[in-house]
Amino acid sequence: MARSEIPAAFFSPPTLPEAARPPEWVLMDKLGYIAKRENATTAWGISNFGDLVEVSFCLADPPVISYMCVHLPGNVGHVNSGFGSIPTVVAAAGAFVLLELSLCFGCHGGPYYASFGFGRAGPRLRL
């Protein structure tokens with residue numbers, strides 16, 4: 001799916017209600033958003049081609065749906081470019097999430113499978 005084919009709604013995530021504390025568990029949307037939403041869950045990784053990728057999770061108490069946001073900080077002036085398709089949650093278990101990211105940087109691209117985990121040292125992203 002080319003950038004022009006990604007529906008505009010995936011570039012504007014909804015605002016979630018403020019939580020007093022991180023939820024014990026969440027209902028996670030399978031499809032993510034292409035947006036910068038830096039928070040305590042934000043982690044950064046570098047693709048095989050040296051491109052910086054930022055992933056954040058916007059979490060809410062159920063029954064509100066939580067979601068992820070993916071941002072490419074290196075695309076200065078083109079905040080929403082560089083994606084071949086909508087970021088997707090492939091699987092999740094406990095504090096770990098497997099993501100599929102189709103990134104298009106010039107002639108190289110994905111899909112990339114990235115693992116995201118929450119730990120004592122904070123969030124971690126591996127591409």
Practice task
Return only the number of the condition from (1) modelled with pLDDT of 85 or more; (2) under 23 Å from Arg124 (Cα atoms); (3) surrounded by 14 or more Cβ atoms within 10 Å (Cβ to Cβ) that Ala93 does not satisfy.
Solution key: (3)
Problem - Residues located in the stretch 35-52, provided they are part of a loop (DSSP other than H, G, I, E, B) and either in contact with a Lys or Arg (Cβ under 6 Å, 6 or more places away or on another chain) or hydrophobic (A, V, I, L, M, F, W, C) (or both) - result: Ala35, Ala40, Phe49
Problem - Residues of the stretch 53-71 classified as surrounded by fewer than 14 Cβ atoms within 10 Å (Cβ to Cβ) and out of contact with any strand residue (DSSP E or B) (no Cβ under 6 Å at 6 or more places or on another chain), total - result: 1
Completion exercise
Checked against (1) loosely packed, with under 12 Cβ neighbours inside 10 Å; (2) modelled with pLDDT of 90 or more, Met1 satisfies every condition except (2)
Fill in the blank from the handout: Note on the stretch 79-90: residues at pLDDT below 85 and either assigned to a loop (DSSP other than H, G, I, E, B) or over 12 Å from the mean Cα position of the chain (by Cα) (or both) are Val79, Asn80, Ser81, Gly82, Gly84
Exercise for the section: Could you tell me whether the stretch 69-78 includes any residue that is touching a Phe, Trp or Tyr at 6+ places or on another chain (Cβ under 9 Å), assigned to a loop (DSSP other than H, G, I, E, B), modelled with pLDDT of 85 or more and not basic (Lys, Arg)? Expected result: yes
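The values are calculated or read from the model by the stated rules, or taken from the named source; none is laboratory data. Bear in mind the structure is a predicted one, so any value in this text is a computation, not a measurement. Positions of Cβ are backbone-derived with ideal geometry, glycine not excepted, and every protein chain shown enters the neighbour counts.
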